[in-house]
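Notes for the one structure printed next.
Computed from the coordinates by the stated procedures, all read-outs in this text should not be read as laboratory data. Note that this is a predicted model, so its numbers are computed, not measured. Here Cβ is always computed from backbone atoms with ideal geometry, including for glycine, and neighbour counts include all displayed protein chains.
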Amino acid sequence: MSREDAITKAKDAELDLVEMAPNAKPPVARIMDFGKYQYEQDKQQQKQKKSKAGTVKEVRLTMKISPHDLGYRMERAKGFLEENQKVKLNLMMKGRENGNPRAAITRVKELAGTLANSKMEGEPIRQGRSVSVMVTPDNKAAKSEKSEKSDEKPAESPKTTEQ
């Protein structure tokens, strides 16, 4: 179709003539609502930004955290790991706790070890008044655990008949 014919068709339909592939021979153009097209493109880009794998979630802890609070936060961390997100365990030290950072490092290692199907990225790092370590989901361990569960067959219960 000639350029002039395409322009008149676009004006008749009250739409825009948009050149899609200028380097093609002949160039490819499309009759469309350009504003709507831009809106949809922006929406797709925003969706791609949101769905990036490997987002980092932070779990903040202290040395004197109560067992219930610790259990809740570790459950949250397990949930994040199951969603294939990285978890940063951040243990904050207060007052005299800053004098013994080795205790905080061992505590962070211990807590990271309790998370199933996960592995630590490197060693715990002291950053000012806190000690933190990055924990990532260990997909290999999760896959092997799932295959073990599928191999196990549930025990069949004997059926009884009443007369």
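Each peptide in 26-33, 1-8, 105-112 receives the mean, over its residues, of other Cβ atoms within 10 Å, and ordering these scores from highest gives 105-112, 26-33, 1-8. Among beta bridges from DSSP that stay inside segment 56-139, the antiparallel ones total about 65%. Once the cut-off is 18 Å, how many percent of the Cα-Cα pairs in segment 3-50 end up in the long-distance tail? That tail contains 44 percent of the Cα-Cα pairs. Segment 54-146 gives an Rg/Rh value of 0.98, both radii derived from C-alpha positions and Rh following Kirkwood. Considering only Leu61, Gln38, Leu17, the residue lying farthest towards the positive end of the dipole of segment 1-112 is Leu61, judged by Cα position with unit charges set on Cβ.
Of Lys64/Lys86; Lys43/Lys78; Lys57/Lys78; Lys11/Lys36; Lys49/Lys119; Lys11/Lys47, which pairs sit farther than 21 Å apart, going by alpha carbon to alpha carbon? As for pairs spanning more than 21 Å Cα to Cα, those are Lys64/Lys86; Lys43/Lys78; Lys49/Lys119; Lys11/Lys47.
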